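Below is one structure, written out as structure tokens; the observations come after it.
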Amino acid sequence: MKNCRQRESATIQDANGHAYRMKCVFDKTGWRLTVYDDDLWVADANCVVGNNVVRIGNLEVFEEAKGGKRGLGRWLYSILNLRNDVKNYRKRGLGTALLKFIVSSAKERGMQMVEGSLSPVDLVPNPDLPDWYKRRGFTVEGGGEFGCGRVYLDLQTR
Ligand SMILES: CC(C)(COP(=O)(O)OP(=O)(O)OC[C@H]1O[C@@H](n2cnc3c(N)ncnc32)[C@H](O)[C@@H]1OP(=O)(O)O)[C@@H](O)C(=O)NCCC(=O)NCCS
């Protein structure tokens with residue numbers, strides 16, 4: 001069967017109403033969402049899609065969104081390791097907005113479930129992660145401080 005690739009632009013907003021441009025690629029087996037504040041790349045999500053389930057492979061809001069500079073300027077900044085343009089985009093509501101976008105895209109496409117995994121690499125620096133998902137309506141299985149776990153949202157019951 002043909003794997004239809006669909007490219008879209010979208011806008012999401014953080015908790016302060018600040019708007020971010022998002023490039024979206026949807027195809028039959030996966031989605032890639034890339035979020036920009038002007039020309040700064042600030043967040044990212046990749047999902048694997050199959051059997052009416054959207055699996056969040058990664059969802060990250062960058063603590064160190066670098067850039068804004070292009071070409072020679074960007075190269076000079078990187079070799080001189082200048083970090084005065086580093087910006088933290090967490091705790092602005094951007095992760096929540098990106099998660100909501102994934103859930104609404106899943107509903108629009110008739111998916112039955114959105115799920116993700118909790119791994120030690122995410123849980124050790126951020127032990128609040130299971131509760132972060134719970135506060136956003138997800139069910140959490142496992143995911144103690146050093147264990148692995150699963151989070152899911154059943155779209156059939158919503
Ligand atoms: C998990 C992750 C995506 C959350 O992103 P985020 O953009 O910081 O998330 P949010 O800002 O939406 O939520 C974080 C908290 O900041 C708070 N917040 C949001 N906007 C705020 C604001 N303007 N002022 C103060 N606090 C604010 C939120 O209320 C939220 O707290 P709550 O859960 O008690 O409601 C981010 O921490 C991350 O990238 N972590 C590393 C990768 C990772 O673990 N990904 C998940 C893998 S499954």
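The values are calculated or read from the model by the stated rules, or taken from the named source; none is laboratory data. If you're wondering where the values come from, they're calculated on a predicted model, not measured in any experiment. Cβ: placed from backbone, ideal geometry, glycine included. Neighbour counts: every protein chain shown.
Of the numbered conditions (1) at pLDDT 95 or above; (2) surrounded by 11 or more Cβ atoms within 10 Å (Cβ to Cβ); (3) more than 14 Å from the ligand (Cβ to nearest atom), residue 67 fails exactly one; give the number of that condition.
(1)
State yes or no: is residue 117 more than 16 Å from residue 44 (Cβ to Cβ) and either out of contact with any helix residue (DSSP H, G or I) (no Cβ under 6 Å at 6 or more places or on another chain) or within 6 Å of the ligand (Cβ to nearest atom) (or both)? Full working, then the answer.
Working: more than 16 Å from residue 44 (Cβ to Cβ): yes; either out of contact with any helix residue (DSSP H, G or I) (no Cβ under 6 Å at 6 or more places or on another chain) or within 6 Å of the ligand (Cβ to nearest atom) (or both): yes.
So residue 117 fits the description; yes.
Does segment 73-88 contain at least one residue that is within 11 Å of the ligand (Cβ to nearest atom), within 19 Å of the chain's Cα centre (by Cα) and either modelled with pLDDT under 95 or assigned by TED's automatic domain parsing to the domain that holds residue 43 (or both)?
Here is the first cut: in segment 73-88, the residues within 11 Å of the ligand (Cβ to nearest atom) are 88.
Still in the list and also within 19 Å of the chain's Cα centre (by Cα): 88.
Then drop every residue that is not either modelled with pLDDT under 95 or assigned by TED's automatic domain parsing to the domain that holds residue 43 (or both), which leaves 88.
For segment 73-88, residues within 11 Å of the ligand (Cβ to nearest atom), within 19 Å of the chain's Cα centre (by Cα) and either modelled with pLDDT under 95 or assigned by TED's automatic domain parsing to the domain that holds residue 43 (or both): present.
Within segment 134-149, is there a residue that is part of a helix (DSSP H, G or I) and either farther than 18 Å from residue 12 by Cβ or more than 13 Å from the ligand (Cβ to nearest atom) (or both)? I'd like the intermediate steps shown before the answer.
As a first pass, look at segment 134-149 and keep what is part of a helix (DSSP H, G or I): 134.
Filter once more, so that each one left must be either farther than 18 Å from residue 12 by Cβ or more than 13 Å from the ligand (Cβ to nearest atom) (or both): 134.
Yes: one or more hits.
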